[in-house]
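Asker: Just dropping this structure here.
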Amino acid sequence: MSDLLRVEGLRLGYGRADVVHAIDLTVARGSIVSLIGSNGAGKTTILRALSGLMKPRAGAIRFLDGTPADIAGEAAHRIARRGIVQVPEGRQVFANLTVAENLRLGAYHAPGPEVARRQEAVVARFPRLGERLGQQAGYLSGGEQQMLAMGRALMAEPVLLLLDEPSMGLAPLIVEEIFSIIADLRREGRTILLVEQNASAALGVADTAYVLETGRIRLQGPAAEIARNPEVTAAYLGL
Ligand code: ATP
């Protein structure tokens, strides 16, 4: 598999503190890469840099779709136009807008008939959203809001989908449902970088995994191997 994203020596911080220390990370096209690690390890900060919400202090973010480019420090709207789309932690759907309006925001630059076609595809994947298209998003359950946030991202037809803690605050059955959809997306050829505290769900679905500890990559490798690593089972899998 060829690489879609290559992060080299990425250093990130807030104020005077560095919180991510020169990490390297590669995402192969058509794969799921999971980035796991405890609270405050720097996972969300890395996603913020990848989607242009934060300027790196050093390093390169090479996006290899079409003409390869170092997108480190590029504006968020330009990165989104390249096809890197993030589903943020805590979903962040627009509570006062309807489900349909939230979905359409994901494809705001696409022509009308194309928006309708994409919405149909999203509704086919998430039938529960189809039943609630006219309902205000704020009234959806947590699991439905996660589906809406993912549906909104899929409306942009992402080349690289960034998922931040999709399991957060959801009941185990819903987590299972969400992760089975993530696995479907990969089977259909999507490339996904998944940030999770739920290591067992994340490792179950991923091809490759990175374990981040206080801003440094502690372990990396095939997800199945990482899941068997005694350090990981003790620290993250509660076994
Ligand atoms: P979580 O699962 O809790 O979101 P995380 O691995 O995503 O954890 P980050 O949110 O990236 O971790 O945070 C990494 C470090 O950066 C933490 O020490 C955090 O306190 C700090 N941090 C995060 N956001 C800010 C901010 N806006 N200003 C200052 N420090 C921040």
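Asker: Can you tell me which of (1) of a type outside the set (Val, Ile, Thr); (2) surrounded by 15 or more Cβ atoms within 10 Å (Cβ to Cβ); (3) over 15 Å from the mean Cα position of the chain (by Cα) is the one ALA153 doesn't meet?
Answerer: All conditions pass for ALA153, except number (3).
Asker: Still on this structure: Hey, THR26 hits all of (1) within 14 Å of the ligand (Cβ to nearest atom); (2) open to solvent by 10 Å² or more (accessible area, probe 1.4 Å); (3) closer than 18 Å to ALA202 by Cβ; (4) of a type outside the set (Phe, Trp, Tyr) but one; which does it fall short on?
Answerer: Single failed check for THR26: (1).
Asker: Is it true that some residue in segment 15-22 is more than 13 Å from the ligand (Cβ to nearest atom) and either within 18 Å of the chain's Cα centre (by Cα) or not in a helix (DSSP H, G or I) (or both)? Break it down stepwise before answering.
Answerer: Quick first cut of segment 15-22, residues more than 13 Å from the ligand (Cβ to nearest atom) only: 22.
Going one step further and asking which of them are either within 18 Å of the chain's Cα centre (by Cα) or not in a helix (DSSP H, G or I) (or both), we end up with 22.
Checking segment 15-22: at least one residue is more than 13 Å from the ligand (Cβ to nearest atom) and either within 18 Å of the chain's Cα centre (by Cα) or not in a helix (DSSP H, G or I) (or both).
Asker: Tell me, which residue of segment 189-217 that is among the charged types (D, E, K, R) and at pLDDT below 95 is farthest from GLY13 (Cα to Cα)?
Answerer: Our first condition is that a residue be among the charged types (D, E, K, R); within segment 189-217, this holds for 190, 196, 207, 213, 216.
Filter once more, so that each one left must be at pLDDT below 95: 196, 213.
On the way: GLU196: 20, GLU213: 15 Å.
Of everything passing the filter in segment 189-217, GLU196 is farthest from GLY13 (Cα to Cα).
Asker: Go through segment 188-210 residue by residue and tally those that are touching a strand residue (DSSP E or B) at 6+ places or on another chain (Cβ under 8 Å) and either polar (S, T, N, Q) or outside any helix (DSSP H, G or I) (or both).
Answerer: Just the residues of segment 188-210 that are touching a strand residue (DSSP E or B) at 6+ places or on another chain (Cβ under 8 Å), to begin with: 190-197, 199, 202-203, 205-210.
Imposing the further condition that a residue be either polar (S, T, N, Q) or outside any helix (DSSP H, G or I) (or both) reduces the set to 190-197, 206-210.
Selection size over segment 188-210: 13.
Asker: Same structure again: Looking at segment 197-213, can you tell me whether even one residue there is over 15 Å from the mean Cα position of the chain (by Cα) and open to solvent by less than 50 Å² (accessible area, probe 1.4 Å)?
Answerer: For segment 197-213, residues over 15 Å from the mean Cα position of the chain (by Cα) and open to solvent by less than 50 Å² (accessible area, probe 1.4 Å): present.
Asker: Between VAL19, VAL33, which is within 21 Å of GLN146 (Cβ to Cβ), of a type outside the set (D, E, K, R) and open to solvent by less than 50 Å² (accessible area, probe 1.4 Å)?
Answerer: VAL33
Asker: How many residues are under 15 Å from the mean Cα position of the chain (by Cα) and away from the ligand (no atom under 16 Å from the Cβ) when one looks only at segment 159-179?
Answerer: Adding up the residues that qualify gives 5.
Asker: Please specify each residue of segment 26-52 satisfying the condition of being at pLDDT 95 or above, outside any helix (DSSP H, G or I) and over 10 Å from LEU212 (Cβ atoms).
Answerer: Scanning segment 26-52 gives THR26, VAL27, ALA28, ARG29, GLY30, SER31, ILE32, VAL33, SER34, SER51, GLY52.
Asker: Which of the residues spanning segment 183-204 are hydrophobic (A, V, I, L, M, F, W, C) and within 22 Å of ILE23 (Cβ to Cβ)? Full working, then the answer.
Answerer: The initial filter retains those residues of segment 183-204 that are hydrophobic (A, V, I, L, M, F, W, C), namely 183, 185, 192-195, 199, 201-203.
Scanning segment 183-204 gives ILE192, LEU193, LEU194, VAL195, ALA199, ALA202, LEU203.
Residues checked against (1) on the phi > 0 side of the Ramachandran plot; (2) open to solvent by 50 Å² or more (accessible area, probe 1.4 Å); (3) touching a residue at least 60 places away in the same chain (Cβ under 8 Å); (4) hydroxyl-bearing (Ser, Thr, Tyr):
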{"residue": "LEU50", "(1), (2), (3), (4)": "no, no, yes, no"}
{"residue": "MET54", "(1), (2), (3), (4)": "no, no, no, no"}
{"residue": "ILE61", "(1), (2), (3), (4)": "no, no, no, no"}
{"residue": "ARG78", "(1), (2), (3), (4)": "no, yes, no, no"}
{"residue": "PHE94", "(1), (2), (3), (4)": "no, yes, no, no"}
{"residue": "LEU105", "(1), (2), (3), (4)": "no, yes, no, no"}
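Asker: With the requirement that a residue be among the small types (Gly, Ala, Ser) and part of a strand (DSSP E or B), what does segment 213-239 give you? Let's see the steps before the verdict.
Answerer: Within segment 213-239, the subset among the small types (Gly, Ala, Ser) is 215, 221, 223-224, 227, 234-235, 238.
The answer is GLY221, and nothing else.
The values are calculated or read from the model by the stated rules, or taken from the named source; none is laboratory data. Everything numeric in this text was worked out from a predicted model, so none of it was measured. Every residue, glycine among them, receives a Cβ derived from its backbone with ideal geometry; neighbour counts consider all protein chains shown. Surface accessibility is based on the protein's heavy atoms, side chains included, excluding ligands, DNA and RNA. Shrake-Rupley method; radii C 1.70, N 1.55, O 1.52, S 1.80 Å.
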